[in-house]
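Working notes, beginning with the structure itself.
The values are calculated or read from the model by the stated rules, or taken from the named source; none is laboratory data. Just so it is clear, the model here is predicted, and its values are computed rather than measured. Methodologically, a virtual Cβ is constructed for each residue, glycine included, from the backbone with ideal geometry; neighbour enumeration extends over all protein chains shown. Surface accessibility is based on the protein's heavy atoms, side chains included, excluding ligands, DNA and RNA. Shrake-Rupley method; radii C 1.70, N 1.55, O 1.52, S 1.80 Å.
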Amino acid sequence: MNETKATTKTTHPHTGMTTRHDAWWLAPLMVATGFTIFIVYATYRAFENNYYEIGAIISPFYSPKIVLDWFPFSPALLILWVPAGFRATCYYYRKAYYRAYFLTPPACGVKVYGNNGYTGERAFPFVLQNLHRYFFYLATLVLLILWYDAFKALIEPTFHLDLVTVIMFINCFLLSGYSFGCHAYRHLAGGGLNCFSKDESTKRRFKVWEFVSKLNEHHMGWAWCSLFSVGFTDFYIRQVCANVFPNPTFF
Amino acid sequence: MAEANLKVFRGEKDSGTFENYKVPIEEGMVVLDAIHYIQQNMDPTIAVRWNCKAAKCGSCSAEVNGKPQLLCKSRMDKFEPGEEITVQPIKTFPHVKDLVADVSWNYEVNKKIVPFTPQPGHNWVVYQEDIERVQEFRKCIECFLCQNVCHVLRDHNRKDGFYGPRFMVRLAGLEMHPVDSANRLKMVKEDAGVGFCNITKCCTEVCPEDIHITDNAIIPLKERVVDEFYDPIAKFFKSVFKAK
């Protein structure tokens, strides 16, 4: 044996949580922090039931505005479950919160938290993740309404462009990039086919699938940008409604 | 000459010690070179499995500083001078000796998968757009790093219910093949246990061939399972239009 050799006692090559030297905990910590901030803010806004509409402008948290006589609570509660369900069942967000909140695992090569009874997505409640495509259908309807809201804010009462309208259009663009790059849509667009060259219909679906795949490559980026934009759009509209922030008109 | 400080697991059948070695660093050196240096100059009994040293045979899988990777693809110049470099065998499979683990379970799983079953009478003209997805999966070198890092196998030890990412890749390659005629979706859901995967993407992170295991293999398989078992509307439309 060489003299440069020293010994550290152990009984198994993998005894501790991990032997990773890098800051593996940083990414899940940042994700958990980001999600928690958004969830707290969105919950507060959903129950605030005020400062969400001014003229033709409406907050994305309250659109479409559904007012029912028998429902005395905030109208946001009637609509927010759709985008919330879409994001909660999204394949990117699943990765993010399984790591950040459930620690299964917190990072690659790091021991999971809790070992007993793991069933993954085979049993309740996580088997409900399979409903993702239904949330996609519903979230697409909501997204179309948000585009309608943005155009309505542009043309009412007369054609004009103000800061809130610009923010609303940017938000719709980012939400569209997120929604139409979704894994479920990628499958529905053409990923479920085995043969793209079969006929004209499958060839067209192949083109759509290729485009969706390009969006899908950056799904994480779209997910975070659209999460920030929808929160910021609501925040800015709230502040304008409360006369705290200005809404300058460009023309 | 600069020296690297390696801490290598030595022992047999899960029992052993971490031993430290100082190895001179040369330009272009990888961790496998350092292990070979130890083998040739310090301790010829150290066991390491390797073959090509070109990241193509998938033999030298291990864990360097806790990260599953190929020893032949882990460059020494990415470590800080004087940094302790921990080298361990892969965790998920039975330990044999030093850096060698017994990965034979994987070959047993492979035998359970219904092999390529061509459609009878197919003319074998296949267009690039139809086969491109499958070609990505054919890059797999069977290093089993994805199997090793997958927490379902690594921490929960559910080898009884989950085939692991490597075999999800094989199943996806077969299911998406334009000439194949077998239906393995029941196997994907039940025996292969795709539902155990919670898509935390570690398999993709460690793949030395950069196969997008989660996005291109596991998630599409999950969606096909949804088509077949969880989505009556999609099943209805599929039966009406018979697009496949």
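Summing charges over neighbours of A:ALA42, with a neighbour being any other residue whose Cβ is under 15 Å away from its Cβ, gives +1 when K and R count +1 and D and E count -1.
What's the buried accessible area, both sides, between B and A using a 1.4 Å probe, rounded to 100 Å²?
Values: alone 13080 and 15540 Å², together 23120 Å².
By this definition, chains B and A bury close to 5500 Å².
Only one residue of B:ILE213, A:LEU154, A:TRP24 has its Cα farthest out toward the positive end of the dipole of the protein assembly as shown, where Lys and Arg carry +1 and Asp and Glu -1 on Cβ, and that residue is B:ILE213. FRET efficiency for the A:ASN243 to B:PHE229 pair, using the beta carbon distance and R₀ = 56 Å, is estimated at 0.55.
Only alpha carbons enter this Debye calculation for the protein assembly as shown, each as an equal point scatterer, and the log10 of I(q)/I(0) it gives at q = 0.06 Å⁻¹ is -0.36.
With the radius of gyration and the Kirkwood radius both derived from the Cα set of segment B:3-101, what is their ratio Rg to Rh?
Working: Rg = 12.3 Å, Rh = 13.3 Å.
My calculation puts Rg/Rh at 0.92.
Principal-axis analysis of the Cα atoms of chain B puts helix B:232-241 at an angle of about 60° to the longest axis.
Sort B:71-83, B:94-106, B:194-206 by the packing proxy (mean of other Cβ within 10 Å over each peptide's residues), most packed first. Could you put the intermediate results ahead of the total?
Details: B:71-83: 15.3, B:94-106: 18.3, B:194-206: 23.8.
By packing density, highest mean first, the sequence is B:194-206, B:94-106, B:71-83.
Rounded to the nearest percent, how much of the accessible area of chain B (1.4 Å probe, protein heavy atoms only) is carbon and sulfur? Intermediate values should be presented prior to the final figure.
On the way: 5380 of 10430 Å².
C and S fraction of accessible area: 52 percent.
The stretch between A:LEU144 and A:TYR113, if pulled fully straight at 0.36 nm per residue, gains 7.1 nm over its current Cα-Cα span.
Estimated purely from DSSP H runs of n ≥ 4, each contributing -39500 (n - 2.57), the mean residue ellipticity at 222 nm for chain B is -8500 deg cm²/dmol once divided by its residues. All alpha carbon pair distances within chain A were sorted into 5 Å bins beginning at 0; the resulting P(r) in whole percents reads 1, 5, 10, 13, 14, 13, 12, 9, 7, 5, 3, 2, 2, 1, 1, 0, 0, 0. Over the Cα atoms of segment B:104-241, each weighted equally, I'd like the Debye log10 I(q)/I(0) at q = 0.11 Å⁻¹, rounded to two decimals. Treating every Cα as an identical point scatterer, log10 I(q)/I(0) equals -0.41. Of the solvent-accessible surface of segment A:26-241, computed with a 1.4 Å probe over protein heavy atoms with every protein chain present, carbon and sulfur atoms account for 72 percent.
Between B:ARG138 and A:PHE228, what is the spin-label point distance in nm, taking each point 7 Å from the Cα along the Cα→C-beta axis? Going from the B:ARG138 label point to the A:PHE228 one covers 4.2 nm. Between the listed residues B:PRO44, B:CYS57, B:GLY28, the Cα displaced farthest toward the positive end of the dipole of segment B:8-74, a dipole computed from Cβ unit charges relative to the Cα centre, is found at B:CYS57.
Under the membrane-span-like helix rule (DSSP H runs whose alpha carbons stretch at least 15 Å along the helix axis, mean Kyte-Doolittle hydropathy 0.5 or higher), chain A yields A:26-48, A:132-155, A:163-179, A:219-241. How about segment A:46-113: which chymotrypsin sites (Phe, Trp or Tyr not before Pro) there are in a DSSP loop, with at most 10 other Cβ atoms within 10 Å of their Cβ? The qualifying sites are A:TRP70.
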